[in-house]
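The structure under discussion appears below in the form of structure tokens.
The values are calculated or read from the model by the stated rules, or taken from the named source; none is laboratory data. Predicted model, so just to flag it, every value in this text is computed and none were measured. Note that each Cβ is placed from the backbone with ideal geometry, even for glycine, and that neighbours are counted across all protein chains shown.
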Amino acid sequence: MSIRFDYANLLHSNKIADGITTAEIENNSYLCDLARERFKKEHAQNILGFYDLPDYQIGHITSYINSIRDDYDDMVVLGIGGSALGNKAIYSALKTVKKLNKRLHVMDNVDPLMIEDILSQIDLKRTLFNVITKSGTTAETMSTFLIILDILKKKCPDSYKKQIIVTTDKEKGFLRQLINEDGYKAFVVPDSVGGRFSVLTDVGLVSSAFIGVDIDALLQGAKNMREKCTKQSIWENPAYLNAMIHYLYMKKGKNISVMMPYVNALYDFADWYRQLWAESLGKRYNINGKKIEVGQTPVKALGTTDQHSQIQLYAEGPNDKVISFITVEKFDFDYQIPNLFPLLDEVNYLADKNISELLLAERLATEIALTDAGRANCNIIFPEITEENIGEFIFLYEMQTVIAGYFLQINPLDQPGVEAGKIATYALMGKKGFEKEADDINKYSKEKNRNGRII
Ligand code: PA5
């Protein structure tokens, strides 16, 4: 069974007074035609490769994983952003449901304590390190790679070359050179697929296959959703419809998009979504070079946990959010709440109920409370957590993000705002070729210190 999109509370009603009307959606449907035209054109230019990934051939992944599976218990991914978040999200979603017996760790920061923590959990000799970087230049990934390479060379001198696999551009970059020199097993990030859209390439599929996820089923799910996202009518096309509604809400000043799964297993998908939505839509200029400064700040929340933290703000604070719940209908296992105090009304109403019943009741209660408070909300419903449903979800949000970017008339595939920070990091760390930037930073620091605003 497929995931479903319940958008009733995104539309105008007597409760959602500033909701989007069906007429507004219909009146803007010309934008869908323009988006389809642009999609067709850019797809032909080979920059929307994510759309073709449901047809991706995975034989090279499964045969490699079958050949090494017995040799390793853990995989450590060294990557960041689009080269890490999807891996983490798939693992978190399925590790309990499928009782996966391999472990995945994602080193997506240069925090020494995190590195130490991961290293303390693994048996080095039985761990495979998967270095993932499309550009092959990302400072965080390069530095953790150098640390791990050094440790492996010292502690596993005979096996380290087999313990490193590299996923990067098929030709460019320093890692390609190392692959050729040291003979590491290599996988490819296709040119046509941007980092944050790459989870269904070798980037996310290799680690997923390693931990025992059915990657064929992931792609099948993506294919099912692609089929839905080709529907001409916006009312039957979840990517176009959700993109349109979010776009219209952005125009009305709802600049925050909350993703709130009601299950811990899908919480990391809210992180994956945050990168996708933020990096793709947060843009200063439109495609005509006009300064527009658009985007919608993605926020993650967890139900029920954040009912006791965030919901007060969502219900009564500024009405500037669109809230997307994620619900799972069926759990493979459950806990029954025992009837330990039958005479105590404070707890006996819970007795003999499944804990998932409470979870779903609280989700619905929150939906009702927010709707009564006039807050736009919707629900992405997973019949259960399966590879197919996850593949559907991934494709839906990738497609929706690109289409929302088209509605905003921006480029959803680039991230120019991230570059300035990367350049400043190179300068601060003394990379050759960034001497002028280092000088500027020096001046900046002196000026800032002169003002003495630290107490
Ligand atoms: O979406 C993107 O392109 C970025 O967020 C990248 O995923 C991120 O910066 C990591 O880049 P790389 O894979 O080149 O190391």
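Values for this structure:
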{"item": "Test: residue in segment 212-232 that is within 18 Å of the chain's Cα centre (by Cα), part of a loop (DSSP other than H, G, I, E, B) and modelled with pLDDT of 95 or more", "result": "yes"}
{"item": "Any chance Gly282 is small (Gly, Ala, Ser), in the same structural domain as Glu392 (by TED's automatic domain parsing) and more than 21 Å from the chain's Cα centre (by Cα)", "result": "no"}
{"item": "Selection status of Val193, under 17 Å from Leu413 (Cα atoms), in a loop (DSSP other than H, G, I, E, B) and in contact with a Ser or Thr (Cβ under 6 Å, 6 or more places away or on another chain)", "result": "yes"}
{"item": "Condition check for Thr62: more than 23 Å from Leu241 (Cβ to Cβ) and assigned to a helix (DSSP H, G or I)", "result": "yes"}
{"item": "Residue among Tyr72, Tyr56, Tyr91, Tyr64 that is away from the ligand (no atom under 13 Å from the Cβ), surrounded by 14 or more Cβ atoms within 10 Å (Cβ to Cβ) and closer than 16 Å to Gly194 by Cα", "result": "Tyr56"}
{"item": "Extreme residue, surrounded by the fewest Cβ atoms within 10 Å (Cβ to Cβ), among residues of segment 18-53 that are among the aliphatic types (A, V, I, L, M) and closer than 16 Å to Arg226 by Cα", "result": "Ala35"}
{"item": "Those residues of segment 396-446 which are assigned to a loop (DSSP other than H, G, I, E, B), touching a residue at least 60 places away in the same chain (Cβ under 8 Å) and surrounded by 17 or more Cβ atoms within 10 Å (Cβ to Cβ), in sequence order", "result": "Leu408, Gln409, Ile410, Asn411, Pro412, Leu413, Gln415"}
{"item": "Pair list, Cβ under 6 Å, 6 or more apart: segment 118-146 residue closer than 23 Å to Val193 by Cα, other residue near the ligand (Cβ under 9 Å from one of its atoms) and assigned to a helix (DSSP H, G or I)", "result": "Ile132/Ser83; Ile132/Val203; Thr133/Ser83; Thr133/Thr141; Lys134/Gly195"}
{"item": "Of all residues in segment 124-145 being away from the ligand (no atom under 16 Å from the Cβ) and more than 21 Å from Ala209 (Cβ to Cβ), the one that is surrounded by the fewest Cβ atoms within 10 Å (Cβ to Cβ)", "result": "Lys125"}
{"item": "Residue list for segment 196-210, restricted to those being part of a loop (DSSP other than H, G, I, E, B) and either away from the ligand (no atom under 12 Å from the Cβ) or more than 20 Å from the chain's Cα centre (by Cα) (or both)", "result": "Leu200"}
{"item": "Segment 162-189 residues that are within 15 Å of the ligand (Cβ to nearest atom), paired with ones that are in a helix (DSSP H, G or I) and of a type in the set (D, E, K, R) (beta carbon under 6 Å, 6 or more apart)", "result": "Thr167/Asp202; Phe187/Asp202; Val188/Asp202"}
{"item": "Selection count, segment 233-255, where residues are outside any helix (DSSP H, G or I) and within 17 Å of Asp6 (Cα to Cα)", "result": "2"}
{"item": "Test: Ile381 is buried (at least 21 other Cβ atoms within 10 Å of the Cβ), in contact (Cβ under 8 Å) with a residue 60 or more places away in the chain and not aromatic (Phe, Trp, Tyr)", "result": "no"}
{"item": "Boolean, Ile148 is more than 25 Å from the chain's Cα centre (by Cα), closer than 22 Å to Lys422 by Cβ, within 16 Å of the ligand (Cβ to nearest atom) and hydrophobic (A, V, I, L, M, F, W, C)", "result": "yes"}
{"item": "Complete set of residues in segment 94-117 that are without any contact (Cβ under 8 Å) to a residue 24 or more places away in the chain and within 14 Å of the ligand (Cβ to nearest atom)", "result": "none"}
{"item": "Odd one out for Ser120 among (1) within 16 Å of the ligand (Cβ to nearest atom); (2) of a type in the set (Gly, Ala, Ser); (3) surrounded by fewer than 17 Cβ atoms within 10 Å (Cβ to Cβ)", "result": "(1)"}
{"item": "Qualifying residues in segment 286-309 (those that are among the small types (Gly, Ala, Ser) and without any contact (Cβ under 8 Å) to a residue 40 or more places away in the chain) - the one farthest from Leu358 (Cα to Cα)", "result": "Gly289"}
{"item": "Condition met for Ser192 (crowded, with 23+ Cβ neighbours inside 10 Å, polar (S, T, N, Q) and at pLDDT 95 or above)", "result": "no"}
{"item": "Given (1) away from the ligand (no atom under 12 Å from the Cβ); (2) touching a residue at least 12 places away in the same chain (Cβ under 8 Å); (3) of a type outside the set (D, E, K, R), number of the condition Pro157 does not satisfy", "result": "(2)"}
